[in-house]
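Written out below as structure tokens is the structure these notes cover.
The values are calculated or read from the model by the stated rules, or taken from the named source; none is laboratory data. Note that the structure is predicted; figures quoted are calculated from it, not measured. No Cβ is skipped: glycine too gets one built from the backbone with ideal geometry, and neighbour counts run over all protein chains shown.
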């Protein structure tokens, strides 16, 4: 399926994801497909009922948003994760909504969303439901254009995320904020340091140079006033989560410099999906 594919199920969180996906499809000038995953071996009359259900969901979303983007609705049979992964293999993006509350009120990624994010071959955006009873806070209103925050650690997936974020900013008129969070333990010794610990300013300068090099590799072409390079000392996840409070979206690579090759989704990406206050897009090479 081309364009934007969004998984729906008639819940509040999937409705919010569908509204977001309609706006994204309109911005990109691509079609949208709303899909409802149903079990195998449904009776024909049940399948037809599900098709009517998902068409109603789409029409209701059109009424809410006023969107006139080219869109269709259908059902896919099979386990939800596998069905949506298969249907979106050639899409520009797969969009999901979520609100899975666990013990102590923590919002965590559900098993279906987790499997999809870990195995998708296309960018996946997870749109959080903002629960007024507790959960992620809505992004704060800010003056000026929206901000697209991208976490950068110079790894190939993060450069791909930076490239994706640059495309979003260029298309939407947003400001691109490339964030490099560093700690002494996360940077290799400076060339020629021979084990000597240089002043912190040298590390910060080295981190800034690394971020600038990543921006150049990503081919970012934005006016200076719409590109912010931010270097901050602190844990990467915490820095990105703080930035998400005022962001239009947060973009991260599927896996950064840490972890092992067998881990598909890195810990920073996972924490962003669990805790960020704005939609999170995970980009894979």
Out of the stretch 23-48, which residues are surrounded by 12 or more Cβ atoms within 10 Å (Cβ to Cβ) and in a helix (DSSP H, G or I)?
23, 24, 25, 26, 27, 28, 46, 47, 48
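Conditions tested, residue by residue: (1) more than 18 Å from residue 129 (Cα to Cα); (2) more than 23 Å from the chain's Cα centre (by Cα).
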| site | (1), (2) |
| --- | --- |
| 11 | no, no |
| 19 | no, no |
| 41 | yes, yes |
| 51 | yes, yes |
| 88 | yes, no |
| 94 | no, no |
Kindly indicate whether any position in the stretch 221-231 is in a loop (DSSP other than H, G, I, E, B), modelled with pLDDT of 95 or more and on the phi > 0 side of the Ramachandran plot.
no
Within the stretch 49-72, of all residues that are out of contact with any strand residue (DSSP E or B) (no Cβ under 9 Å at 6 or more places or on another chain) and more than 21 Å from residue 30 (Cα to Cα), the one surrounded by the fewest Cβ atoms within 10 Å (Cβ to Cβ) is 52
For residue 75, which of the numbered conditions (1) closer than 27 Å to residue 171 by Cβ; (2) outside any helix (DSSP H, G or I) fails to hold?
(1)
